[in-house]
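The values are calculated or read from the model by the stated rules, or taken from the named source; none is laboratory data. Just so it is clear, the structure is predicted and the values come from calculations on it, not from any experiment. Please note: Cβ atoms are built from the backbone with ideal geometry, for glycine as well, and neighbour counts cover all protein chains shown.
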Amino acid sequence: MNIFNLRNNALFLRGFRERTRFSAVASAVALSSILVVLIVLSAVLNDNYVYDYKYIAGEYQSQKVLLPWFKKVVLDLSKVQAIVLFFFGSLNAYRIAARERMVQTIDFHRSSPSPRWNQIVGLVLGSTCLEWFVFTGLALVLLAISLISDISTAVIAQFHVQLIFCGFLYHALFALIGISRDPLKGKAGPILIFVGLYFFSHLLFANQLSFMHQFTWLNAFHELDTHVKNHISEYYGGHHRKQLLGLMNTFFSLKLHPLFIQLLVQIPFIALLLEGIGRRFENLEQPIFSKTQTLMTTFYLLLLYAGSFTSIFLSGLLQHTHRSMDLGILFVLIWILFAAGAILATPSRLDYTRGLRRAAKLKRRGIRPEENAAGNSRWLGVFVLIVVIGLSYFAWLLRVPSLNFILALMILCSYFDFCASFFEYFRLSRHHTKLSLAATILIILWIVLPVLGMILESIIPKPSTVMMAFMAPSPFFGGTPVVMDLFKTGKPYLQTTHVVIVLVISGTLAAVTNYLAYQERQKLKRDNLNIG
Amino acid sequence: MVYNEPMISIKSLRVDYENVSAVQDLDLEIQQGQIYGLVGPNGAGKTSTIKALAGIIEPTYGEIRIAGIDLEIEHHKALQQLGYMPDFPPVYENLKVWEYLDVFAAAYLIPHRERPQKILHWLTRVNLLEKQNTFIRELSRGMRQRLVLAKTLLHDPKVLLLDEPASGLDPIARKDMRDILLSVASENKTIIISSHILTELKEFCNAVGIMERGKMVVSGSIEDIRQRLGSNRRLKIKLVKPDAQGLERTINMLNNSRNCSNVESRSDTEIMCAFKGTPEDASWVLKQIINLNVDICDYTCEEENVEDIFFRIGAQEVS
């Protein structure tokens, strides 16, 4: 069945019918028309100025330039389009997908023979159809203006293609969050996801990483803005806008077409998010992404980070004296990818038991590593390999000494092993329902002990060694700062003893939790593999 | 088309949830045209069994075949044979009645041109034709249940999975639902219907399975179960007027009869007891009562119904 045969697509019909009632369409058309008229009137009746910067006699000097009304209209309408498509579209994608889950009509679709991709496309497009209509209407207005003015139609068209892909990305993301909302749990989950995404994106934006900009519509808008004001040389953040924009379109210092680099960044994630929605339709209990998908995402994000970072690093356009900040962001990204991946890759006790029973029934020796029910050991191995490859590149780029690099990797991997094994042990053990127990242990190891170390530092002699011993169990107070220090090319802040303490403690913790997780797996195997 | 193999075949089905096994090693075969009542108290595993059959939950293990098609291997093909109706009606409040059916007609791959006809047909069958342009949010609970039933039947499935279809309905809506189900049942469809309200099932089920704590306690046709578990009937004797001596003489006689047990007087004119004899034995008992000079106006020998079997088997075997 053709997935674009929307007339026969159940979920599209559901969204389309609900959202295109006469009253809703009439309101949308009326509001959009009023907005267009107001924007045009405002642009025609008011003088609009922008500032043109010229580099004269060693300094930038500004000059007021009058912006023609139609250019002002194009820029303002493009912002309205973005608000309609991204804000209202994403909101409705989330709302309708969440309701599908809350009312449990999703079960009817899941028990129907409708092809999976029809369900995915239907959910995403059906829930946002009204926004797409308004977007198309405004696009026609913009195209009409481009035809009667000197603004290139090709630029307007490219801007819209970029917006369309951004729309798909956001709508897929919000539909996935909506459809993942558990009716038995409250709204806290989605809110936490949104807050997490917000802070995470700000963190990466702060570093001027081009791939982060490519995740948003900002790059498309800056492209349009630059083309519309083509004779104006704006001064922005210490640099020419055109130069900054050029940096946003480079990957490993290779200049690419803005649309191409946006698609390079967005298409794999659109596919991933749509696949996540598909997995929800397939089985509501399984993780949103498979183990393989989390690993591929980790690899791809590190690749994008490396490509963007290299461009900034080699351009010399931005001052990169704060290397520790850049590295800090890289390690935060790695930790976030690790945490998200470990949560998805580690099975619950129930899933693991199910997997064992199924294996016993099918007369297999155990669960296959790629199955959702499999433990996280294989996943952890591949994750570590990806991180090692990624960090090797950064170590080469930043000229990190080999011994420092090896020690940093050993410490980092010990923490990964500890966290993954602790999480696996906890999920598989009989304590799996006692979240407070796991949280207490981690708070002691990661917060209480480091704070105690800081207190002891002020009252006993040889403070830094003792403090380091207390800091070492925490990957945030002990591990990552040591790893970052080892990545420095200059004189290290920490002594060799500190590094050894951290290595020994993190290694010991990893070994202990690894053993506990192994024992728990064996115990469940003994209990379940003979059932059949 | 008549299938030689069972229309529904379940082998070693197990469904686990956190800390509990909802269904344990369930084996079941249901033939074409059978109306199978899945009986059991709340939490017995009925809904989990039906959801596993509908492909909504993934079983821990086990094999499910619908019309000979393996649900796990040929998922979509198997689902095409199924119609599933849960115990409460999940509906789109902001759609009209016909739109709702149109959405699910598309989900079941009914071609665009055939959909209006089918929708009209099923709206007529479930008595909702005059409501076709009404928004679902304006429908009563009973109407919503009928609408969901129409959705379930829309693609003419061979197998119907109905999970407590009359739950939450008032007596009139319950009767409407029962009438529709009886008419559907006459079309040689295989139906699994679950309920913990036994009176819902006893009128149209020709086979039952009694579940308790995830296990099938007993399963088969009602006649088959009766034969396996011994035929149990009930004798009901009604006296013309209150007669304490006559009542006592009759009770003594019944207590001394080898076919009667659990003799009890329901009122000063009514006696009831369990009876394990043939119709000839029942006739002999009647003669004995007449010989005792007791004036009776009603004498009935009733067959045990699904409800009685459930209480007897459920109470004995499960506990």
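Kindly evaluate A:Val134 against the criterion of being at pLDDT 95 or above and touching a Ser or Thr at 6+ places or on another chain (Cβ under 6 Å). Before the answer, list the steps.
Working: at pLDDT 95 or above: yes; touching a Ser or Thr at 6+ places or on another chain (Cβ under 6 Å): yes.
In short, yes.
Look at B:Ser167 and say whether it is more than 23 Å from A:Pro113 (Cα to Cα), assigned by TED's automatic domain parsing to the domain that holds B:Ile69 and outside any loop (DSSP other than H, G, I, E, B).
no
Let me confirm something: among A:Val65, A:Val44, A:Val73, which residue is closer than 25 Å to A:Gly167 by Cα, in the same structural domain as A:Ile96 (by TED's automatic domain parsing) and of a type outside the set (Asp, Glu)?
Just a single option satisfies the conditions, and that option is A:Val73.
Read through the list (1) small (Gly, Ala, Ser); (2) touching a residue at least 60 places away in the same chain (Cβ under 8 Å); (3) within 14 Å of chain B (Cβ to nearest Cβ), then give the number of the only condition that A:Ala373 fails.
(2)
Looking at this structure, is A:Phe133 more than 14 Å from chain B (Cβ to nearest Cβ) and in contact (Cβ under 8 Å) with a residue 12 or more places away in the chain?
Judged against the criteria, A:Phe133 is a match.
Tally up the residues in region B:65-80 that are more than 9 Å from every other protein chain (Cβ to nearest Cβ), outside any strand (DSSP E or B) and not hydrophobic (A, V, I, L, M, F, W, C), please.
3
Identify, from the list B:Gly55, B:Gly40, the residue that is touching a residue at least 12 places away in the same chain (Cβ under 8 Å) and more than 8 Å from chain A (Cβ to nearest Cβ).
Of B:Gly55, B:Gly40, the one residue that is touching a residue at least 12 places away in the same chain (Cβ under 8 Å) and more than 8 Å from chain A (Cβ to nearest Cβ) is B:Gly40.
Do we have B:Gly62 as in a loop (DSSP other than H, G, I, E, B) and in contact with a strand residue (DSSP E or B) (Cβ under 8 Å, 6 or more places away or on another chain) here?
Taking the combined requirement at face value, the residue does not satisfy it.
Quick check on region A:1-13: of everything there that is assigned to a helix (DSSP H, G or I) and among the hydrophobic types (A, V, I, L, M, F, W, C), which residue is farthest from A:Ser78 (Cα to Cα)?
A:Ala10
I'm trying to understand the selection: among the residues of region B:1-37, which are within 13 Å of another protein chain (Cβ to nearest Cβ), of a type in the set (D, E, K, R) and closer than 19 Å to B:Val159 by Cβ?
Of everything in region B:1-37, just one residue is within 13 Å of another protein chain (Cβ to nearest Cβ), of a type in the set (D, E, K, R) and closer than 19 Å to B:Val159 by Cβ, namely B:Lys11.
Quick one: how many residues across region A:415-433 are over 30 Å from A:Val388 (Cα atoms) and crowded, with 17+ Cβ neighbours inside 10 Å?
So the count comes out to 2.
Looking at region A:359-477, what helices (runs of 4 or more DSSP H) fall wholly within it and have at least 2 residues that are in the same structural domain as A:Ala510 (by TED's automatic domain parsing) and under 30 Å from A:Arg521 (Cα atoms)?
A:377-397, A:402-428, A:435-443
Kindly indicate whether A:Arg365 is surrounded by fewer than 20 Cβ atoms within 10 Å (Cβ to Cβ), under 24 Å from A:Arg279 (Cα atoms) and more than 14 Å from every other protein chain (Cβ to nearest Cβ).
Considered against the rule, which asks whether it is surrounded by fewer than 20 Cβ atoms within 10 Å (Cβ to Cβ), under 24 Å from A:Arg279 (Cα atoms) and more than 14 Å from every other protein chain (Cβ to nearest Cβ), A:Arg365 comes out as no.
Looking at region A:209-237 only, could you name the residues that are at pLDDT 70 or above and not in a helix (DSSP H, G or I)? Show your work before the answer.
Keep residues of region A:209-237 that are at pLDDT 70 or above, which gives A:209-229.
Scanning region A:209-237 gives A:Leu209, A:Phe215, A:Thr216, A:Trp217, A:Lys229.
Could you check region A:66-117 for helices (runs of 4 or more DSSP H) lying wholly inside it with 1 or more residues that are out of contact with any Phe, Trp or Tyr (no Cβ under 8 Å at 6 or more places or on another chain), within 11 Å of another protein chain (Cβ to nearest Cβ) and at pLDDT 90 or above?
Counting at least 1 such residues, we get A:89-102.
Applying the selection to region A:434-456, what residues are surrounded by 15 or more Cβ atoms within 10 Å (Cβ to Cβ) and of a type outside the set (A, V, I, L, M)?
Answer for region A:434-456, where residues must be surrounded by 15 or more Cβ atoms within 10 Å (Cβ to Cβ) and of a type outside the set (A, V, I, L, M): A:Trp446, A:Pro450, A:Gly453.
So is A:Gly278 within 14 Å of another protein chain (Cβ to nearest Cβ), more than 30 Å from A:Glu520 (Cβ to Cβ) and not basic (Lys, Arg) or not? Reasoning before the result, please.
Details: within 14 Å of another protein chain (Cβ to nearest Cβ): yes; more than 30 Å from A:Glu520 (Cβ to Cβ): yes; not basic (Lys, Arg): yes.
Taking the combined requirement at face value, the residue satisfies it.
Return the residue satisfying two criteria in turn: it lies in region A:14-49 and is of a type in the set (Ser, Thr, Tyr) and assigned to a helix (DSSP H, G or I), and of such residues it is surrounded by the most Cβ atoms within 10 Å (Cβ to Cβ).
Filtering region A:14-49 down to residues of a type in the set (Ser, Thr, Tyr) leaves A:20, A:23, A:27, A:32-33, A:42, A:49.
Okay, now just the ones that are also assigned to a helix (DSSP H, G or I), so A:23, A:27, A:32-33, A:42.
Details: A:Ser23: 7, A:Ser27: 12, A:Ser32: 20, A:Ser33: 12, A:Ser42: 14.
Residue satisfying both the conditions and the ranking: A:Ser32.
Considering region B:95-131 alone, what residues qualify as being part of a loop (DSSP other than H, G, I, E, B), surrounded by 16 or more Cβ atoms within 10 Å (Cβ to Cβ) and facing chain A (nearest Cβ under 9 Å)?
B:Leu95, B:Tyr108, B:Leu109, B:Ile110
Assigned to a helix (DSSP H, G or I) and free of Cβ contacts under 8 Å to residues at least 24 places away in the same chain - does that describe any residue in region A:144-151?
The answer is yes; a qualifying residue exists.
Regarding region B:129-152, can at least one residue be identified that is closer than 16 Å to B:Ile30 by Cα and touching a helix residue (DSSP H, G or I) at 6+ places or on another chain (Cβ under 9 Å)?
No; the residues of region B:129-152 include none that is closer than 16 Å to B:Ile30 by Cα and touching a helix residue (DSSP H, G or I) at 6+ places or on another chain (Cβ under 9 Å).
Examine region B:194-208 for a residue that is under 11 Å from the mean Cα position of the chain (by Cα), modelled with pLDDT of 80 or more, basic (Lys, Arg) and in the same structural domain as B:Lys118 (by TED's automatic domain parsing), and state whether such a residue exists.
no
Of all residues in region B:81-94, which are of a type outside the set (Phe, Trp, Tyr), within 9 Å of chain A (Cβ to nearest Cβ) and over 20 Å from B:Glu5 (Cα atoms)?
Scanning region B:81-94 gives B:Pro86, B:Pro90, B:Val91, B:Glu93, B:Asn94.
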